[in-house]
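S.K.: Please see the structure below; I have some questions.
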Amino acid sequence: MSQSQAASNITDAASLRSAREIAYTEFKKTQSVSKLTKQLSKLSDQLLSHLWSSFGLNNEAALVAVGGFGRGALFPYSDIDILILLPADEKQSQALSKQVEQFVASCWDTGLEIGSSVRNVAECISESEQDITVRTSLLEARLICGKKQLFKDFAKAFEAAMDPKAFFQAKQAEQIQRHYKYQNTPYSLEPNCKESPGGLRDLQVISWISKAALLGDTFKDLNEAGLVTQRELTELNRNQRFLETLRANLHLLAGRRQDVLAFDLQAALAASMGIKEESPRQASEAIMRRYYWAAKAVTQLNDVLLQNIEALLFPQESRTILSIPGEGNEYFIERQGVLDITDPQLYQKHPEQILRTFLVFAQTANVKSLSATIFRALYNARQKMDSQWRANPVNRALFIEILKQPEGVSRAFQLMNRSSVLGRYLPAFRKIVGQMQHDLFHIYTVDQHILMVLRNVRRFMVVEYTHEFPFCSSLIAHFEKPWLLVIAALFHDIAKGRGGDHSQLGKADMRKFAKDHGLDKKDTELLIWLVAEHLNMSQFAQKQDITDPDVVKAFAKKMGDERHLTALYLLTVADVRGTSPKVWNAWKGKLLEDLYRATLRVLGGAKPDASSELAQHQEESREKLRLYGINDDAYEDLWKQLDVAFFLRQDSSDIAWLTRHLFNKVNSDQPIVRARLSPIGEGLQVAVYVKDQEDLFARICAYFERHGFSIWDARIHTTRHGYALDTFQISGSNLVDEGGSYRDIIQLVEFELTAALTNADPLPNPSMGRLSRQSRTFPIQPRVHMVPDDRGRYYTLALSANDRTGLLYTISRVLAKHQVSIHTARINTLGERVEDVLLLDAANLGKNPKLQIQLETELLEALGA
């Protein structure tokens with residue numbers, strides 16, 4: 001059966017399904033998306049018309065397609081939005097209500113997943129005036145069948161009620177909100193091809209505003225009206241076709257409405273669109289790189305067109321021109337918060353003005369964007385941005401000058417990337433534009449991550465953001481040449497994707513930049529060192545016991561001096577924050593700050609002496625306890641049971657808190673559980689004091705797992721008289737209601753965990769949760785590594801695996817089974833990956849060498865389950 005035959009015989013669910021399958025099959029062969037979307041719209045029209053006439057509604061009401069269906073562009077699993085337009089007479093409308101209900105029900109019965117609204121003309125106008133979404137949907141209204149005059153009355157009333165200026169402002173505000181929802185970037189690793197910045201919605205916004213302003217229904221109309229150039233028209237059509245083809249294939253691959261380019265669909269999507277690579281990962285990278293370039297172009301075209309339409313709609317405002325003060329700024333003007341140039345041929349005549357544009361942008365506080373003229377001129381001058389242009393001393397000086405600006409640097413670099421100027425000035429950066437990162441904790445492409453880190457460094461310097469990280473802001477305020485840290489941020493990951501260690505490969509790029517831009521020897525050495533060592537502090541803080549003086553001493557030796565330490569600390573905080581909102585948390589911030597402060601003391605001449613640290617922690621704790629009216633001799637019995645390691649590994653505030661609750665319960669027969677809002681400002685701190693038992697840690701983990709808590713840190717201590725004194729930093733839970741706080745569940749946690757520890761029932765079987773979609777797509781080979789320390793007192797157990805619910809409990813249960821005690825647990829979750837480090841008591845492991853092999857084998861089995 002041909003498509004035309006199929007379309008003319010759509011009368012039931014079976015014929016619709018058959019015709020759709022024929023359309024899908026042809027699309028998979030031809031990839032002609034416009035033909036597919038029109039055909040699917042036509043098929044739905046056919047069935048809707050048949051059902052409409054079968055209920056005798058043709059001469060009484062009008063059936064109208066709205067939204068994307070109104071455009072005649074229906075994707076395989078798009079909503080079929082319809083408006084049932086009723087006559088104004090209330091009695092007539094009520095008489096039709098039963099037929100309308102039957103019609104709607106029959107649509108669902110035949111497989112049409114409709115979104116329906118039933119209104120008269122007046123109600124349509126009223127609703128559209130109150131809701132911009134309704135107004136937008138009705139803007140694309142198309143009559144399918146029914147009473148033509150009724151539809152004409154609606155169209156006339158809707159056009160009369162439309163205020164193009166108000167519509168423009170509302171859609172612009174809506175777009176800003178939508179972009180914010182998607183992190184204001186097209187470069188997330190799993191973008192939404194419809195809603196993300198640079199997606200189809202950005203193109204639709206242009207069409208809607210143009211139609212509302214009666215400028216035309218197509219991009220070609222805008223070209224004829226002089227709003228877009230021929231090149232831009234070609235770009236608009238090509239990128240729209242690419243994004244629509246992408247979306248149609250996504251729907252068919254998922255078998256449902258699917259607009260997110262999920263990891264597990266990317267390789268199959270590439271194959272559907274004819275991209276052939278040797279491995280799924282390469283296919284994924286190829287299709288996503290094409291997507292990012294398309295999204296980047298759409299973002300810029302959206303900006304250009306909205307500016308041009310705004311100039312037409314608000315001509316009086318666009319005529320207001322302000323000159324830009326300052327030497328060398330005579331070519332630049334400001335129009336309503338937009339930076340513009342006086343001559344469209346400026347960059348052809350004076351290529352050195354290209355970088356000056358971004359310097360002027362950063363220096364002019366009330367300028368928020370670049371003009372359409374600038375974006376066009378930059379594109380036309382791309383051939384001018386060659387090796388000679390890069391080597392020009394004027395341009396090199398301008399680039400450094402941009403980096404040194406007190407404000408506007410982050411926005412300037414974002415615009416330099418959007419306009420491709422940054423990649424043309426730094427060829428190494430151009431190589432990582434759109435570069436995927438398959439490590440399960442970065443959520444952005446390499447270039448976007450770099451710009452996020454650069455932004456984070458810059459926020460430390462801006463007064464308005466000092467409340468975010470006051471310690472970092474204080475440090476950078478006293479740091480000599482803070483703009484060097486912006487350069488370090490720009491280069492720290494620039495060698496990713498080349499194969500090998502990007503920290504080492506990036507040193508050559510950093511060295512060349514420093515030499516080309518005349519940086520002195522001292523600054524050059526610092527920058528090269530930062531690129532090479534940028535992962536070091538995070539690894540020390542999260543994988544080693546930073547309360548151990550020897551660990552701090554070794555780290556201080558790597559730092560060398562305070563300048564290197566401070567620079568690395570600031571870059572590390574900015575870097576970890578720039579990976580993903582899931583990766584950064586207050587506990588990681590505390591670990592980094594504690595390591596910084598401890599190292600600074602060593603670099604300042606203080607020897608990492610355990611006895612002096614012990615005395616300091618104890619005295620600070622005593623001072624805090626005196627504030628509560630607790631005399632020194634009141635807790636003497638408790639402190640006698642605690643060894644040096646306990647006092648070194650706990651903050652004085654923690655020691656005081658634990659002492660307050662335990663000093664009169666030293667030999668308690670019942671478990672004591674205390675919880676408080678975590679001093680780090682996020683989650684809970686929970687303390688457990690109970691007679692030690694082999695499976696204690698596993699029982700505690702079982703409770704936390706059951707209630708959905710994540711354990712950030714665990715510090716396990718055994719007193720001299722055989723009691724366990726364990727503290728945990730936890731966050732997230734199904735016990736915390738939406739809008740609730742951790743304060744509300746403190747008493748519940750204390751009561752329930754006490755009951756769980758009193759219960760002597762066997763340990764429950766672990767309920768290993770399912771792997772996330774990302775983890776299934778990019779599985780991590782589980783790794784277990786166990787080595788004894790130099791003194792033979794402990795074994796370090798390092799584990800790496802995909803994260804899942806119940807993982808730590810599963811590990812602790814294996815250890816409890818073999819009577820292996822945990823001394824400390826450093827829990828490090830990086831997005832979808834865990835890298836935990838446990839310090840195990842060597843008592844049993846040292847006696848039985850075979851036990852180590854058995855443990856590693858069982859843990860690997862558990863991690864891979």
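The values are calculated or read from the model by the stated rules, or taken from the named source; none is laboratory data. Quantities reported herein were computed from a predicted structural model and do not represent experimental measurements. Cβ coordinates were reconstructed from backbone atoms using ideal geometry, including for glycine residues, and neighbour counts include every protein chain displayed. The accessibility values were calculated without ligands, DNA or RNA, using every heavy atom of the protein model including side chains. Shrake-Rupley method; radii C 1.70, N 1.55, O 1.52, S 1.80 Å.
S.K.: Would you work out the relative contact order for the chain, in percent, from Cα pairs under 8 angstrom that are 6 or more residues apart?
M.R.: Working: 1280 pairs, mean separation 56.9, N = 865.
Reported as a whole number, the value is 7 percent.
S.K.: Say the dipole of the stretch 364-409 comes from +1 at the beta carbon of Lys and Arg and -1 at that of Asp and Glu; which of Ile402, Ser371, Gln383 then lies farthest toward its positive end?
M.R.: Result: Gln383.
S.K.: Residue farthest toward the positive end of the dipole of the chain, with Cβ of Lys/Arg at +1 and Asp/Glu at -1: which of Ala270, Leu748, Ile780?
M.R.: Ala270
S.K.: Can you give the accessible area of Glu127, probe radius 1.4 Å, in Å² rounded to 10?
M.R.: 70 Å²
S.K.: To the nearest 10 square angstrom, how much accessible area does Arg804 have with a 1.4 angstrom probe?
M.R.: Only protein atoms counted, so the area is about 40 Å².
S.K.: Here's a follow-up. Among the GluC sites (Glu not before Pro) in the stretch 84-123, which ones are in a DSSP loop with at most 13 other Cβ atoms within 10 Å of the Cβ? Mind listing them? Provide the component values of the computation, followed by the final result.
M.R.: On the way: sites: Glu90, Glu101, Glu113, Glu123; in loops: Glu113.
Within the stretch 84-123, the qualifying GluC sites (Glu not before Pro) (loop, at most 13 other Cβ atoms within 10 Å) are Glu113.
S.K.: If you put +1 on each Lys and Arg Cβ and -1 on each Asp and Glu Cβ, how big is the dipole of the chain around its Cα centre, in Debye rounded to 20?
M.R.: Details: 104 positive and 104 negative charges, 498 e Å.
Charge dipole, the chain, about its Cα centre: 2400 debye, nearest 20.
S.K.: Accessible area of His467, 1.4 Å probe, to the nearest 10 Å²?
M.R.: The accessible area of His467 comes to roughly 130 Å².
S.K.: Please list, in order along the stretch 463-473, the HN-Hα scalar couplings obtained from phi with the Karplus expression 6.51 cos²θ - 1.76 cosθ + 1.60 (θ = phi - 60°), rounded to whole Hz, x for Gly and Pro.
M.R.: So the Karplus estimates, Gly and Pro as x, are 4, 5, 10, 5, 5, 5, 9, x, 5, 5, 4 Hz.
S.K.: If you don't mind, there's one more thing I want to ask. Please work out whether the stretch 1-133 counts as rounded, prolate or oblate from its C-alpha gyration tensor, where a ≥ b ≥ c are the square roots of the eigenvalues and a/c under 1.5 means rounded, while otherwise a/b larger than b/c means prolate and anything else oblate? Don't jump to the answer; show the numbers that get you there.
M.R.: Details: a/c = 2.86, a/b = 1.63, b/c = 1.75.
The shape class here is oblate.
S.K.: In whole angstrom, note down how far apart the Cα centers of the stretch 333-349 and the stretch 783-825 are.
M.R.: Answer, in whole Å: 62.
S.K.: Taking 7 Å along the Cα-to-C-beta vector as the label spot, tell me the Asn631-Lys553 distance in nanometres, rounded to one decimal.
M.R.: So the two model labels end up 4.0 nm from each other.
S.K.: Let me ask something additional. Enumerate the amide H contacts of Thr718 below 5 Å, restricted to partners 5 or more residues apart or on another chain; note that Pro and chain-start residues carry no placed amide H.
M.R.: Amide H neighbours of Thr718: Leu725.
S.K.: What angle do you read, to the nearest 10 degrees and between 0 and 90, between the alpha-carbon axis of helix 652-662 and the longest principal axis of the chain?
M.R.: Between the helix axis and the principal axis of the chain, the angle is about 70 degrees.
S.K.: While we're on this one: What is the helix-to-structure angle for 121-130, meaning the angle in degrees between its Cα long axis and the longest Cα principal axis of the chain, kept from 0 to 90 and rounded to the nearest 10?
M.R.: The helix 121-130 is inclined about 30 degrees to the chain.
S.K.: Using a ≥ b ≥ c from the Cα gyration tensor of the stretch 152-246 (square roots of the eigenvalues), is it rounded, prolate or oblate, where a/c under 1.5 gives rounded and otherwise the larger of a/b and b/c decides, a/b for prolate?
M.R.: Values: a/c = 2.18, a/b = 1.35, b/c = 1.61.
Oblate shape, in that a/c is at least 1.5 and b/c is the bigger or equal ratio.
S.K.: Assuming R0 = 30 Å, what is the FRET efficiency of Arg601 and Arg676, from their Cβ-Cβ distance, to the nearest 0.05?
M.R.: Numbers: r = 28 Å, r/R0 = 0.92.
Between Arg601 and Arg676 the formula returns 0.60.
S.K.: Subtracting the Cα-Cα distance from 0.36 nm times the residue separation, let me have the gained length for Ile114 to Gln31 in nm, one decimal.
M.R.: Stretched fully, the Ile114-Gln31 segment lengthens by 27.3 nm.
S.K.: Is the C-alpha gyration tensor of the stretch 391-489 telling us rounded, prolate or oblate? Criteria: a/c under 1.5 is rounded; beyond that, a/b larger than b/c is prolate, otherwise oblate. Don't skip to the answer; put the middle values down first.
M.R.: Working: a/c = 2.23, a/b = 1.17, b/c = 1.90.
Note, shape of the stretch 391-489 comes out oblate.
S.K.: Here's another thing I want to ask about it. Might you tell me the accessible area per residue for the stretch 78-197, computed with a 1.4 Å probe and given in Å²? Show your work: numbers first, answer last.
M.R.: Working: 6060 Å² over 120 residues.
It amounts to 51 Å² per residue over the stretch 78-197.
S.K.: Mind checking the full-extension length gain between Ser54 and Ala843? Use 0.36 nm per residue of separation minus the Cα-Cα distance, one decimal, nm.
M.R.: On the way: separation 789, 0.36 × 789 = 284.04 nm, distance 8.37 nm.
Gain in length upon complete extension: 275.7 nm.
S.K.: In debye to the nearest 20, how big a dipole does the stretch 213-288 give about its Cα centre with +1 on each Lys and Arg Cβ and -1 on each Asp and Glu Cβ?
M.R.: Numbers: 9 positive and 11 negative charges, 39 e Å.
My answer is approximately 180 debye.
S.K.: Here's a follow-up. Mind listing which GluC sites (Glu not before Pro) in the stretch 330-402 are in a DSSP loop and have 11 or fewer other Cβ atoms within 10 Å? If you can, show how the numbers build up before the last one.
M.R.: Details: sites: Glu330, Glu334, Glu352, Glu401; in loops: Glu330, Glu352.
Within the stretch 330-402, the qualifying GluC sites (Glu not before Pro) (loop, at most 11 other Cβ atoms within 10 Å) are Glu330.
S.K.: Another question about this same structure. Would you mind getting the accessible area per residue of the stretch 546-642, heavy atoms of the protein chains only, 1.4 Å probe, in Å²?
M.R.: Working: 4490 Å² over 97 residues.
Per-residue accessible area for the stretch 546-642 comes out at 46 Å².
S.K.: At 0.36 nm per residue, minus the direct Cα-Cα distance, what do Gln345 and Glu174 gain on full extension? Give it in nm, one decimal, please.
M.R.: So the extension gain works out to 58.1 nm.
S.K.: OK, next. Please list 3J(HN,Hα) in residue order for the stretch 240-256, calculated via the Karplus relation 6.51 cos²θ - 1.76 cosθ + 1.60 where θ = phi - 60°; whole Hz, with x for glycine and proline.
M.R.: Listing the rounded values in order: 5, 4, 5, 5, 5, 5, 4, 5, 4, 5, 4, 4, 5, 5, 7, x, 6 Hz.
S.K.: Cα centroid distance between the stretch 237-309 and the stretch 402-457, in Å?
M.R.: That distance is 21 Å.
S.K.: Give, rounded to the nearest 20 debye, the magnitude of the charge dipole that the stretch 1-117 has about its Cα centre when Lys and Arg contribute +1 at Cβ and Asp and Glu contribute -1 at Cβ. Display every interim value, and only then the final one.
M.R.: On the way: 10 positive and 12 negative charges, 113 e Å.
Magnitude of the dipole: close to 540 debye.
S.K.: Using a 7 Å offset from the Cα along the Cα-to-Cβ direction at both Asn765 and Lys38, what is the distance between the two label points in nm, to one decimal?
M.R.: Using points 7 Å along Cα→Cβ, the separation is 5.9 nm.
S.K.: Related question: Sticking with the crude label model, points 7 Å out along Cα→Cβ, report the distance from Ala14 to Ser323 in nm, one decimal please.
M.R.: Computed distance between label sites Ala14 and Ser323 equals 8.1 nm.
S.K.: A further question follows. Can you spot the lysines whose alpha carbon is less than 24 Å from Lys384's alpha carbon? Ignore those fewer than 8 places along the same chain.
M.R.: Partners within reach: Lys296, Lys349, Lys431, Lys512, Lys515.
S.K.: Round to the nearest 0.05 the FRET efficiency obtained for Asp520 and Glu127 when R0 = 56 Å and r is the Cβ-Cβ distance.
M.R.: Working: r = 66 Å, r/R0 = 1.19.
After rounding to 0.05, the efficiency reads 0.25.
S.K.: Take the Cβ-Cβ distance between Ala586 and Ala160 as r, set R0 to 56 Å, and report the resulting FRET efficiency rounded to the nearest 0.05. Spell out each step's value before the answer.
M.R.: Numbers: r = 56 Å, r/R0 = 1.00.
For R0 = 56 Å, the calculated efficiency reads 0.50.
S.K.: I've got another one for you. Give the aspartates and glutamates whose C-alpha is closer than 17 Å to that of Lys35, dropping any in the same chain fewer than 8 places away, or say none.
M.R.: Glu21, Glu26, Asp45, Glu244
S.K.: With a 1.4 Å probe and every protein chain kept in, tell me what percent of the accessible surface of the stretch 274-346 is carbon plus sulfur.
M.R.: Details: 1880 of 3660 Å².
Roughly 51 percent of what the probe reaches on the stretch 274-346 is carbon or sulfur.
S.K.: Hey, what do the phi angles of the stretch 266-279 turn into as Karplus ³J(HN,Hα) couplings, whole Hz, using 6.51/-1.76/1.60 and θ = phi - 60°, x for Gly and Pro?
M.R.: 5, 5, 5, 4, 4, 5, 4, 9, x, 8, 10, 9, 5, 9
S.K.: In this model, which of Lys38/Lys171; Lys28/Lys276; Lys220/Lys368; Lys181/Lys368; Lys171/Lys194 are farther than 18 Å apart at the alpha-carbon?
M.R.: Working: Lys38/Lys171 26 Å; Lys28/Lys276 15 Å; Lys220/Lys368 29 Å; Lys181/Lys368 20 Å; Lys171/Lys194 16 Å.
Lys38/Lys171; Lys220/Lys368; Lys181/Lys368, as the Cα separations exceed 18 Å there.
S.K.: Among the DSSP beta bridges whose two residues both lie in the chain, what percent are antiparallel, rounded to the nearest 5?
M.R.: Values: 60 of 69 bridges.
Around 85 percent antiparallel, to the nearest 5.
S.K.: Nearest 500 deg cm²/dmol is fine: what mean residue ellipticity at 222 nm does the chain get from its DSSP H runs of n ≥ 4 alone, each adding -39,500 (n - 2.57), divided by its residue count? List each step's numbers first, then the result.
M.R.: Numbers: 43 runs with 485 residues, N = 865.
Estimated from H runs of four or more residues: -17000 deg cm²/dmol.
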